[in-house]
Amino acid sequence: MVVLVGISGSGKSTFAKRVFKETEIISSDKCRGMVADENSQTAETDEFELLHYVASKRLQNGHLTVVDATNVQTEARRLLVQLAKKYHCLPVAIVLDVPEKVCHARNEERLDRNFEKNVVGHQRSQLSRSIKNLKKEGFRQIHVLSSVEEIEGIQSVQKEKLYNNKQDISGPFDIIGDIHGCINETMELLTKLGYSIGKTDDDNVTFGYRVERPEGRKALFLGDLVDKGPDSPAALKLVMSMVKAGVAYCVLGNHDMKLQRYLNGKNVQINHGLDKTVEQLTHESEEFKNIVKGFLNEMVSHYVFDQGKLVVAHAGLKEAMQGRESRAVRAFCMFGETTGEIDEYGLPVRYNWAQDYRGKAMVVYGHTPVAKPQWLNKTIDIDTGCVYGGKLTALRYPEQELVTVEAKIMYAEPRRPLAK
């Protein structure tokens, strides 16, 4: 969602028409004209109800939405930011900070509208207070255009894809479930899948591993690279080498996120396997730990591949959240959905979102260890509990073939039995 911010006469509509498609723009003036006379001062409620309704439909369907209104009032922007968050979209502000005298001159030339100078002056005061608060209000990007020349010099805008948008990449892929530091099983599974793994001394480039992929395939790791298992640093080195070499992708798991927070100096509890990873990292250099921190900081919550036909996320993802970005999306990808209850093992009761899934994309995920993978409504959980003495599983895409290796031993005791 792009929110234009500027006082009446700043040129928002002219700017919007020049750099955006007509169908992408929702104008408050046009909305007012649809529900009342354009000069009406009593139709504001209906005007913005219509604007918000149209905006919500566009955002729900994943379309770029440009709101052309003054938006100098905090409350007006708050409602738009809330709307963007509801549909897991990023709110962007473009501020047209034009001198008040220029706006007065332009407004006097407009025969279709009557502007009192005190109205524009009040808007200018609101705008001046607004600019410094936009980031706190939740806008992810803020662009301030500070002169008429700067505004008129912009003839187009660059639209960047979200980091999770890999729809132009179709595979084939080998999607691998939760590793949890089980390096030997991971190497065995990759070898079984046809990857060639060699050792190298060039640690700054490959972290000690050199991996060649088979037949142009790429690996997709579903996160939880660390904790509970025998060698989390080695698992990190292997996956980081593959990602850096362009032969793999990896999404962030909840255990990876907890390590990320620890390395960033956040106050986290050193338990549930993190204690084991922290101890293992004491044998690594500070340089390596900084590299790991950077790697984890750059990881995304999920990916959408193959024209939207494949979605990979650590704990899965509902259709309405796929290809979107918000705190709620990230939380769902990390933890799934819980009921708020605690089971007899002291663990959160998870809602089985896959049971109600009717999306078009195949969703491959892990997080919840199961005794064996099972398809449910175009979703599949392939975390088969390797660290708990189960198996490490890969799903070959698009073949939908499962490949597994047995765990060498039980490295950790599960807090509850693996789901059947």
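Exactly one residue out of D46, D68 is in contact with a helix residue (DSSP H, G or I) (Cβ under 6 Å, 6 or more places away or on another chain) and surrounded by 23 or more Cβ atoms within 10 Å (Cβ to Cβ), and it is D68.
With the range 232-291 as the region, which helices (runs of 4 or more DSSP H) entirely inside it contain at least 2 residues that are under 23 Å from the mean Cα position of the chain (by Cα) and of a type in the set (A, V, I, L, M, F, W, C)? Walk me through how you get there before you give the answer.
Numbers: elements: 232-244, 254-263, 274-281.
Here the list reads 232-244, 254-263.
Tell me, please, whether a residue that is in a loop (DSSP other than H, G, I, E, B), more than 20 Å from A328 (Cβ to Cβ), touching a residue at least 40 places away in the same chain (Cβ under 8 Å) and not assigned by TED's automatic domain parsing to the domain that holds R327 can be found in the range 117-130.
No - not one qualifying residue is present in the range 117-130.
Only one of the listed residues (V3, V92, V67) is touching a His at 6+ places or on another chain (Cβ under 8 Å) and within 20 Å of E160 (Cβ to Cβ). That residue is V92. Only a single item in (1) farther than 20 Å from F20 by Cβ; (2) part of a helix (DSSP H, G or I); (3) out of contact with any Phe, Trp or Tyr (no Cβ under 9 Å at 6 or more places or on another chain) is not met by R110, and it is number (2). With respect to the conditions (1) touching a strand residue (DSSP E or B) at 6+ places or on another chain (Cβ under 8 Å); (2) modelled with pLDDT under 95; (3) not hydroxyl-bearing (S, T, Y), E215 falls short on a single one, namely (1). Given the condition assigned to a helix (DSSP H, G or I), under 24 Å from E284 (Cα atoms) and under 21 Å from the mean Cα position of the chain (by Cα), answer yes or no: does some residue in the range 203-224 qualify? So far as the range 203-224 goes, no, none of its residues is assigned to a helix (DSSP H, G or I), under 24 Å from E284 (Cα atoms) and under 21 Å from the mean Cα position of the chain (by Cα). The residues in the range 329-380 that are among the small types (G, A, S), exposed (fewer than 12 other Cβ atoms within 10 Å of the Cβ) and under 24 Å from Q167 (Cβ atoms) can be counted, and the count is 0. Count of the range 143-173 residues, restricted to those that are modelled with pLDDT of 95 or more and under 22 Å from the mean Cα position of the chain (by Cα), is 9. Condition (residue is closer than 30 Å to L222 by Cα and assigned by TED's automatic domain parsing to the domain that holds F15) applied to the range 132-139: is it met by at least one residue? Yes: the range 132-139 contains one or more residues that are closer than 30 Å to L222 by Cα and assigned by TED's automatic domain parsing to the domain that holds F15. Identification of strands (runs of 3 or more DSSP E) wholly contained in the range 346-406 with 1 or more residues that are modelled with pLDDT under 95 and either more than 16 Å from L418 (Cβ to Cβ) or within 23 Å of the chain's Cα centre (by Cα) (or both) yields 348-351. Which one of the conditions (1) part of a helix (DSSP H, G or I); (2) closer than 21 Å to F173 by Cβ does M334 fail to meet, given that it meets all the rest? Among (1) part of a helix (DSSP H, G or I); (2) closer than 21 Å to F173 by Cβ, M334 violates only (2).
Surrounded by fewer than 20 Cβ atoms within 10 Å (Cβ to Cβ), without any contact (Cβ under 8 Å) to a residue 24 or more places away in the chain, of a type in the set (K, R) and outside the structural domain of M321 (by TED's automatic domain parsing), is that true of K86? Taking the combined requirement at face value, the residue does not satisfy it.
For L402, indicate whether it is in contact with a Cys (Cβ under 6 Å, 6 or more places away or on another chain), aliphatic (A, V, I, L, M) and within 20 Å of A219 (Cα to Cα). Reasoning before the result, please.
Values: in contact with a Cys (Cβ under 6 Å, 6 or more places away or on another chain): no; aliphatic (A, V, I, L, M): yes; within 20 Å of A219 (Cα to Cα): yes.
Here the answer is no, as L402 does not meet what is asked.
Here are some residues: T339, T368. Which one is without any contact (Cβ under 8 Å) to a residue 40 or more places away in the chain, farther than 22 Å from E188 by Cα and of a type in the set (V, I, T)? Reasoning before the result, please.
Working: T368 fails: without any contact (Cβ under 8 Å) to a residue 40 or more places away in the chain.
Being without any contact (Cβ under 8 Å) to a residue 40 or more places away in the chain, farther than 22 Å from E188 by Cα and of a type in the set (V, I, T) holds for just one of T339, T368, which is T339.
Among the residues of the range 306-331, those that are over 14 Å from the mean Cα position of the chain (by Cα) and not in a helix (DSSP H, G or I) comprise K309, L310.
The residues of the range 13-67 that are among the basic types (K, R) and modelled with pLDDT of 95 or more, listed by number, are K17, R18, K21, K57, R58. Of all the numbered requirements in (1) of a type in the set (S, T, N, Q); (2) touching a strand residue (DSSP E or B) at 6+ places or on another chain (Cβ under 6 Å); (3) closer than 19 Å to E137 by Cβ, S13 misses one, and that requirement is (3).
Residues that are of a type outside the set (S, T, N, Q), within 21 Å of K228 (Cα to Cα) and assigned by TED's automatic domain parsing to the domain that holds V243 do occur in the range 353-366, at least one of them.
When V300, V278, V304 are screened for being in the same structural domain as M257 (by TED's automatic domain parsing), β-branched (V, I, T), closer than 20 Å to V239 by Cα and buried (at least 22 other Cβ atoms within 10 Å of the Cβ), only V304 passes. Residues in the range 389-403 that are touching a Pro at 6+ places or on another chain (Cβ under 9 Å), closer than 25 Å to H272 by Cβ and in contact (Cβ under 8 Å) with a residue 40 or more places away in the chain: T393 only.
The values are calculated or read from the model by the stated rules, or taken from the named source; none is laboratory data. The structure displayed is predicted, hence computed values, not measured ones. When we count neighbours, we look across all protein chains shown, and the Cβ atoms used for this are built from the backbone with ideal geometry, even at glycine.
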